[in-house]
Amino acid sequence: MGPLEGLRVLDLSSVLMGPYATQILGDYGAEVIKVEAPEGDLVRQIQPARTPGMGAMYLNTNRSKQSIALNLKRPEGRDVVLRLVRDCDVLVSNVRPKAMARLGLSWESLSDANPRLIYAALVGFDQRGRYAARPAYDDLIQGGACIPHSFIRAGQKPAYVPAAIADRIVGMSAVNAILAAVIERDRSGLGQKVEVPMFETMLSMIMADHMQGLTFDPPLDEGGYRRHLAPDRRPFETKDGHVCALIYNNGHWERFFRAIGRPEMPAADPRYVSFAARMAHIDEVYAELGEIMKTRTTAEWLDLFDRADVPALPMHSYESAMADPHLSEIGFFEAVDHPTEGRIRQMAVPAQFSRSPARPERLAPGMGADGERVLTRAGYTPDEIAALAEAGALKLPETE
């Protein structure tokens with residue numbers, strides 16, 4: 001039983017940011033009820049998939065949840081949400097606030113139904129500014145948060161990080177904010193609206209590294225953390241591949257040079273003598289290190305770094321990561337039997353709790369798979385459930 005056992009979450013989010021946040025809450029033991037439109041969450045359609053509507057990305061972002069399919073554009077569907085929310089602790093939405101208001105599901109309406117509700121609005125932009133009504137997607141937010149610019153400053157072409165890092169990071173930030181609001185509610189007895197914006201959240205993370213001289217008034221430089229922007233800060237090329245290593249503090253450098261037979265370094269070269277000196281000459285340091293790394297194989301370097309206690313890891317591919325011996329020992333990639341998708345692999349919950357271990361108890365559900373169960377528990381009779389389906393407000397799973 002996870003640490004959030006007893007917390008009930010109504011999840012009105014879709015795609016990645018909101019669902020990733022609610023999956024974390026579910027993995028930690030919260031009961032999560034995912035509300036989907038009749039056509040289903042768009043992520044269901046992302047391939048590959050064994051069966052329609054059950055794509056891999058959906059499976060990896062929506063476990064630990066129940067699913068009910070409601071048409072919120074129908075008044076009956078809206079009324080179901082208002083009834084469900086009475087018994088929920090948290091509602092999560094990444095629908096733009098004006099659209100939620102048009103649906104009759106504004107913070108004001110929902111807090112009237114449940115004054116203890118935590119209403120978590122995951123939005124693109126802080127709603128006090130001129131960008132408030134704009135749509136926001138991961139690519140756009142990466143651009144606004146200076147990530148492509150950082151590639152340019154590092155001597156490369158502008159690029160996005162090839163992962164939905166804005167969706168994932170803001171999702172995790174939303175979990176933090178939601179749980180902070182839950183703790184506050186336990187003291188005050190009152191719910192509140194929590195707004196988590198993508199743009200500002202990502203910018204605060206990136207600029208914490210890269211404001212640098214722009215921190216000061218007047219500025220001391222044009223911003224940018226030199227080590228992160230060094231052109232040769234990348235996996236090091238070896239004789240037969242690549243290795244990821246970070247020779248960082250004085251002890252690392254002393255042990256590294258001793259291990260490669262150059263014990264006179266770093267004292268003999270003023271560029272290496274201290275942390276500050278290395279930062280001042282970081283481009284030269286990384287370029288020289290890159291040439292040294294080409295002299296041995298990946299396995300030889302990993303062995304040397306291990307013996308010298310210098311931080312290093314293999315540069316994994318997606319496939320080789322799944323065979324990593326450390327991850328195998330802890331059972332990080334677990335094979336399980338999904339009720340409709342057969343044998344699948346899922347990742348373990350990374351956080352470890354000594355008394356209340358967090359473990360996903362539910363695999364990602366088929367669309368609307370739990371609708372009748374959710375409504376029955378909320379007090380709906382079989383006739384009322386049938387009437388909702390007949391009115392087009394509720395979509396039930398197709399039966400063979």
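None of the figures in this text is laboratory data; all of them are computed from the coordinates on show. Owing to the predicted nature of the structure, the values given are computational and were not obtained by experimental measurement. A quick note on method: Cβ atoms are made from the backbone with ideal geometry, for glycine too, and the neighbour counts reach across all protein chains shown.
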Ranked by how many other beta carbons lie within 10 Å on average, peptides 55-62, 124-131 from highest: 55-62, 124-131
Ranked list, fewest to most other Cβ atoms within 10 Å of each Cβ, for Phe353, Phe257: Phe353, Phe257
For the chain, calculated [θ]222 nm from helices alone, where every DSSP H run of n ≥ 4 adds -39500 (n - 2.57): -11000 deg cm²/dmol
Ranking of Tyr272, Tyr248 by count of other Cβ atoms within 10 Å, fewest first: Tyr248, Tyr272
Given charges at Cβ of Lys, Arg, Asp, Glu: the chain dipole, positive-most of Met57, Asn94, Val374: Asn94
Helix 250-259 axis, angle to the chain major axis (alpha carbon atoms, nearest 10°): 60
Dipole magnitude of segment 111-195, debye to nearest 20 (Cβ charges: Lys/Arg +1, Asp/Glu -1, about Cα centre): 200
Residue (of Thr295, Ala259, Val243) at the positive-pole extreme of segment 236-314, dipole from beta-carbon charges: Ala259
Charge dipole magnitude, Cβ of K and R +1, D and E -1 - segment 236-314, Cα centre, debye nearest 20: 120
On Cα atoms only, tilt of 75-84 relative to the major axis of the chain in degrees: 70
Across Lys34/Lys157; Lys157/Lys294; Lys65/Lys193, pairs whose alpha-carbon gap is larger than 31 Å: Lys34/Lys157
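Output needed for the chain: three equivalent-ellipsoid semi-axes, defined as square roots of 5 times the C-alpha gyration tensor eigenvalues, in descending order, whole Å.
47, 26, 18
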FRET efficiency for Asp309 and Asp79, using Cβ-Cβ distance with R0 set to 60 Å, rounded to 0.05: 0.45
Ordering of 137-148, 227-238, 22-33, 315-326 by burial proxy (mean other Cβ atoms within 10 Å per residue, highest first): 22-33, 137-148, 227-238, 315-326
